[in-house]
Each structure stands twice: as structure tokens, then as C-alpha cells.
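Worksheet: one structure, shown below.
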Amino acid sequence: MPPPGPKAPVYEIKSRIIHANKVVVPAPRYGVKPPRGLDVDDLRMPNFVKPQEMMALLTDTPHHNPSRLAVTHGLVKTQFAFVFSDIEQQWRRLAGAQNRITRQFQGGDVFVQATIAVNILDADRPIEKNKLSEKLFAVIWEHELLHVLDDIEIMRKWLPEKAREDEWLKKYMTEARELDESSFDHYIRKDNLTPWLRDGLWTAERNRRAEIRDAPARYAELNEAIANIRSQM
């Protein structure tokens, strides 16, 4: 095994949260009780989608089990990315014997990035001055905000430390071992480090938390609350 580089690079894995939903909504507007840990800026008006659009989103969501509810009223879709602040500056190009080209990590900031989109059925859209429709929307949105909180906490509190333990990152970033040009092209230029970390770390932790939020007992409570409001409407 080749020895580590002569000097370990200094780098920090930071979190970056991007909300695909653009309009910030004050919690009191619909009587929403957001989970502790979300900021005002995290409360964004969801996308409202038709049933066929929701089904398409579900089809593209691994491990989601929509059968627990007769209708899937809401869904949080999150895209993960691992992003370098400046690839060319952070990966030094080296020419070795027989013109063998390698790359060596120099440090600097890198980001674990989550792009979060909340989707709710159009039939559950709040109607202006209709208290029951606003109450129905609040019940559904509050549940989806639990998933938003989990996604944010994974990126801010869990993943940065876990990513440093990954063997690839330890070898080529923490220890700054030389990376051959073809591997650099594959993992860095073509962004295959993103699926490497997404499938190896992020997805499993996200699914674990989602199973807790969407446990049968919780789904039953949500379904009952929706049915009660619908019966009044």
C-alpha cells in the first residue's frame, strides 16, 4: 500500500440546503406547528401536484410504500450531491514518470448538498378563507415537514462526519494519495462520487428515518386525521 502524502490537506465538509420550493410561508398562516429544528426559511409552500404526477414521483422513490394510505397526500423528494468548491484548484495535476498523470487533493471546502422539494396533492391545496381546507393542508404539511427536518439534520449533523470515514475519502482526500487520471475523470469530473456516497451512506440513513416517520401507527393517525377533516368538509 502506498504511503500517505507528505502533508495531509486541510478540508471541511460543509452542508448545503437548497429548497426547490421557493415561497416562504409563515407558520401561523395556516396554523402549522412545524417540528423543532426547522428555521423560518425552511417553511416553503409545497408544489401542488395532480394524482398522476404523485404516482410518477412515487414510482421514482425507492423503498416508499404508498399502500399504507389509500391515497398518498404528500411526498418529500430530495436530491443528494457531493460538491467541490473549485475542482481545478482543489485537485492538483501531477506529471510523473513516463508522463503518467495523476491528481492530488489539496484541501478546501467541499459540500454535502440536499435539494429538497415538498409535494402535496392539488386536492389538498388550502382554499382562502376556508378553515377546514386550511386545517387539512396543515395536517398533511406538518407530516411532510418531519421528513424535511430529517433531511436537513442528516446533512448538517450526521453526514459530514460519516463521510470522512468513507474509505475513498480517507484514501484520496484525507491522506491525499495520488489518484490516476482515469479515476479522477470518473469520480470527480463525471460526478460519480455523488452516487458513491449517496448509495453508500445517505440513502440508508434517509430510509431508516423515513421508516420511523412513516411507521404504520403514525400513518394510521394521519389517515384518521385526514378522514375526520374530510368528513366535516
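The values are calculated or read from the model by the stated rules, or taken from the named source; none is laboratory data. Just so we're clear, the structure is a prediction, and the values are computed from it rather than from any experiment. Cβ placement follows ideal geometry from the backbone for every residue including glycine, while neighbour counts extend to all protein chains displayed.
Points worth noting:
- Of residues in the range 72-119 being without any contact (Cβ under 8 Å) to a residue 24 or more places away in the chain and assigned to a strand (DSSP E or B), the one farthest from Arg218 (Cα to Cα): Ala95
- Count - residues of the range 195-233 that are within 15 Å of Ile154 (Cβ to Cβ) and either among the β-branched types (Val, Ile, Thr) or touching a strand residue (DSSP E or B) at 6+ places or on another chain (Cβ under 7 Å) (or both): 5
- Test: residue in the range 130-138 that is surrounded by fewer than 21 Cβ atoms within 10 Å (Cβ to Cβ), part of a helix (DSSP H, G or I) and of a type in the set (Ser, Thr, Tyr): yes
- Residue match in the range 200-221 (condition: modelled with pLDDT of 95 or more, surrounded by fewer than 12 Cβ atoms within 10 Å (Cβ to Cβ) and closer than 26 Å to Thr102 by Cα): no
- Checked against the criterion of being in a loop (DSSP other than H, G, I, E, B), modelled with pLDDT of 95 or more and either basic (Lys, Arg) or in contact with a Pro (Cβ under 7 Å, 6 or more places away or on another chain) (or both), the candidates Lys33, Lys22 yield just one match: Lys22.
- Any hit, the range 185-194, residues being β-branched (Val, Ile, Thr), surrounded by 13 or more Cβ atoms within 10 Å (Cβ to Cβ) and within 26 Å of the chain's Cα centre (by Cα): yes
- For the range 157-198, the tally of residues that are in a helix (DSSP H, G or I) and acidic (Asp, Glu) stands at 4.
- The set of residues in the range 176-210 being out of contact with any helix residue (DSSP H, G or I) (no Cβ under 7 Å at 6 or more places or on another chain), touching a residue at least 12 places away in the same chain (Cβ under 8 Å) and under 25 Å from Glu144 (Cβ atoms) consists of Thr194, Arg198, Thr203, Asn207.
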